[in-house]
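*Asks:* Quick one: the structure is below, and I'll ask about it shortly.
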Amino acid sequence: MQPSDKALVPFVSVDNMMRLIHHVGIEQMITELAAEIEADFKRWELFDKTPRVAAHSPHGVIELMPTSDGEAYGFKYVNGHPKNTTEGLQTVTAFGLLADVYTGYPTLLTEMTMLTALRTAATSALVGKYLAPKGATTMAMIGNGAQSEFQCLAFKALCGIDTVRLYDLDPRATGKCATNLAGKGLTVVSCKTAEEAIEGAQIITTCTADKKYATILTDNMVGPGVHINAIGGDCPGKTELHRDILLRSDIFVEYPEQTRIEGEIQALEPDHPVTEMWQVITGKAQGRRDAQQITLFDSVGFAIEDFSALRYIKKAIEGTAFFEPLDMLADPDDPRDLFGMLMRAK
């Protein structure tokens, strides 16, 4: 018994996602994703918004990230298990689904481990476009794990940096990152300390994985005028920056209700002032004011960014071979006769 067209949902596997990325080009895809995210930030008020639903355990966290713009509904399943790398596993894995609000039928199922890496980098660099110092050429990349190369290439593509200074507690991670970035149009400098990495950097990106309060940057390491892209602190009890840095910075966030629970600002009072990035992007709030200002993007990742990525992929695969139809939905001849459909399948 062959499934009908109504039963089939486009599915993008990891293999097809990688083929699609190479077909489009990594930097081009990051740029296009950033444009999609920027467009959705401009209509931020239309979306359902809720902090992600998180199930914490001693081993890590498993999260669901849902949202809807009233016409489409999307969610992402994602985990964060820092201990996984010691077992030969990814720290983060993800998949996502897009559905039609009118019928409730899924319209896309896709891997999102690769896609999350791209959309996280796209969001970081999009924000950098608004907050980083004008003419910034150098970024310190502290934490050289799975996300680091994507971040470096995103800031190259969207913000015009030409030099990255790498540091990780594990020199092997730095070596991996430097090797992967060779020939990608960046000057790559491997550093032995975080202090060395931030020398001359106008942008500082922190992306470490340990699920604990940490101090990757101390107050004396951060001079005036820099933009800090803090993306490693993303759940309760997990931070990267000394509290005094926060007090000297103008802080920008995605969704305060989620960031106050999961971001760097969990270390501050609940009413500490922050600016939502959608307001900067729409012109309702000011971003960078002057050359001396320290701007801090306290990024934890929000469902609307994943929604943007899902919609982008749905459009990108149309008319291509970068997906396969998945027999996912029951489609009986009579919608009220699901049992009859089962019996006819004997």
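Since every read-out is calculated from the coordinates, none of them should be taken as a lab result. Please read all numbers here as calculations on a predicted model, not as lab measurements. Here the Cβ is made from the backbone with ideal geometry for all residues, glycine too, and neighbour counts use every protein chain on show.
*Asks:* Residues of region 79-118 with the amide nitrogen closer than 12 Å to a label point 7 Å from the Cα of residue 19, along Cα-to-Cβ, please.
*Replies:* none
*Asks:* Let me ask another. For the pairs 156/315; 76/192; 156/192, flag any whose C-alpha to C-alpha distance is greater than 27 Å. Walk me through the intermediate numbers first.
*Replies:* On the way: 156/315 25 Å; 76/192 36 Å; 156/192 23 Å.
Among 156/315; 76/192; 156/192, the Cα-Cα distance tops 27 Å for 76/192.
*Asks:* Can you list the residues, at least 5 places off or on another chain, whose amide H is less than 5 Å from the amide H of residue 285, using H built in the peptide plane?
*Replies:* Distant-sequence amide H within range of residue 285: 280.
*Asks:* Trypsin sites (Lys or Arg not before Pro), restricted to region 217-300: which are DSSP loop and have at most 16 other Cβ atoms within 10 Å?
*Replies:* 284, 289
*Asks:* If the convex hull of the alpha-carbon atoms of region 130-302 is projected onto planes in all directions, what is the mean projected area in square nanometres?
*Replies:* The number I arrive at for region 130-302 is 9.1 nm².
*Asks:* Still on this structure, please answer the following. If one computes P(r) from the Cα atoms of region 203-327, what percent of pairs lie at distances over 23 Å?
*Replies:* More than 23 Å apart: 38 percent of the Cα pairs in region 203-327.
*Asks:* In degrees between 0 and 90, to the nearest 10, how far off the longest principal axis of the chain does helix 26-41 point, with axes built from Cα atoms?
*Replies:* Result, in degrees: 80.
*Asks:* Quick check on region 130-302: of the DSSP beta bridges with both residues there, what percent are antiparallel, nearest 5%?
*Replies:* Details: 1 of 29 bridges.
Just about 5 percent of them are antiparallel.
*Asks:* Which value, in Å to one decimal place, does the Kirkwood hydrodynamic radius take for region 79-182 when every pair of different Cα atoms is included?
*Replies:* Over region 79-182, the inverse of the mean reciprocal pair distance is 15.5 Å.
*Asks:* Hey, with R₀ at 51 Å, roughly what FRET efficiency would residue 331 and residue 195 work out to, going by the Cβ-Cβ distance, to 0.05? Display every interim value, and only then the final one.
*Replies:* Details: r = 61 Å, r/R0 = 1.20.
The computed FRET efficiency comes out at 0.25.
*Asks:* While we're on this one: Would you mind counting up the charge near residue 164? Only other residues with Cβ under 15 Å from its Cβ, with Lys and Arg at +1 and Asp and Glu at -1. Could the numbers behind the result be given before it?
*Replies:* Working: positive: 156, 165, 176, 184; negative: 27, 149, 162, 168, 196, 199.
That sum, taken over residues with Cβ under 15 Å, equals -2.
*Asks:* Could you sort 50-56, 34-40 so that the peptide with the highest average Cβ count within 10 Å comes first and the rest follow in order?
*Replies:* Order by mean packing, descending: 34-40, 50-56.
*Asks:* If you don't mind, there's one more thing I want to ask. Which of the peptides 139-148, 291-300, 167-176 is most tightly packed, and how do the rest follow, going by the mean number of other Cβ atoms within 10 Å of each residue?
*Replies:* Packing order, densest peptide first, comes out as 139-148, 291-300, 167-176.
*Asks:* What aspartates and glutamates could a cross-link reach from residue 184, if we take a straight Cα to Cα line under 12 Å and drop same-chain neighbours fewer than 8 places away?
*Replies:* Counting by Cα, and skipping residues close in sequence, residue 184 has these aspartates and glutamates nearby: 27, 149, 162.
*Asks:* Sticking with the crude label model, points 7 Å out along Cα→Cβ, report the distance from residue 49 to residue 291 in nm, one decimal please.
*Replies:* Reported label-point gap for residue 49 and residue 291 is 3.4 nm.
*Asks:* Here's another thing I want to ask about it. Tell me the mean residue ellipticity at 222 nm calculated for the chain from its helices only (DSSP H runs of n ≥ 4, each -39500 (n - 2.57), averaged over every residue, nearest 500). Show your work: numbers first, answer last.
*Replies:* Details: 11 runs with 112 residues, N = 346.
The helix-only estimate for the chain comes to -9500 deg cm²/dmol at 222 nm.
*Asks:* What FRET efficiency comes out for residue 2 versus residue 320 if R0 is 25 angstrom and r is the Cβ-Cβ distance? Round to the nearest 0.05.
*Replies:* 0.60
*Asks:* What aspartates and glutamates sit close enough to residue 83 to cross-link, taking a C-alpha to C-alpha distance under 15 Å and skipping anything fewer than 8 places away on the same chain?
*Replies:* Leaving aside aspartates and glutamates fewer than 8 places away in the same chain, those within reach of residue 83 are 170, 210.
*Asks:* With the Cα gyration tensor of the chain in hand, give its eigenvalues times 5 under a square root as the equivalent ellipsoid semi-axes, listed largest first in whole angstrom.
*Replies:* Largest first, the chain gives 37, 22, 19 Å.
*Asks:* With only Lys, Arg, Asp and Glu charged, each at its Cβ (+1 for the first two, -1 for the last two), find how big the charge dipole of region 41-138 is about the Cα centre; round to the nearest 20 debye.
*Replies:* Values: 9 positive and 8 negative charges, 95 e Å.
Dipole of region 41-138, to the nearest 20 debye: 460 debye.
*Asks:* Still on this structure: So in the chain, what percent of DSSP beta bridges are antiparallel if you round to the nearest 5? Working shown, then result.
*Replies:* Numbers: 30 of 60 bridges.
So the antiparallel bridges in the chain amount to around 50 percent.
*Asks:* Please list, by residue number, every one of the GluC sites (Glu not before Pro) in region 138-201 that is coil in DSSP and has at most 16 other beta-carbon atoms within 10 Å.
*Replies:* Filter output for region 138-201: 199.
*Asks:* Would you please put 124-132, 77-85 in order of how densely packed they are, using the mean number of other Cβ atoms within 10 angstrom per residue and starting with the highest? Don't skip to the end; give the middle numbers.
*Replies:* Numbers: 124-132: 24.3, 77-85: 17.4.
Per-residue Cβ counts within 10 Å, averaged per peptide and sorted highest first, yield 124-132, 77-85.
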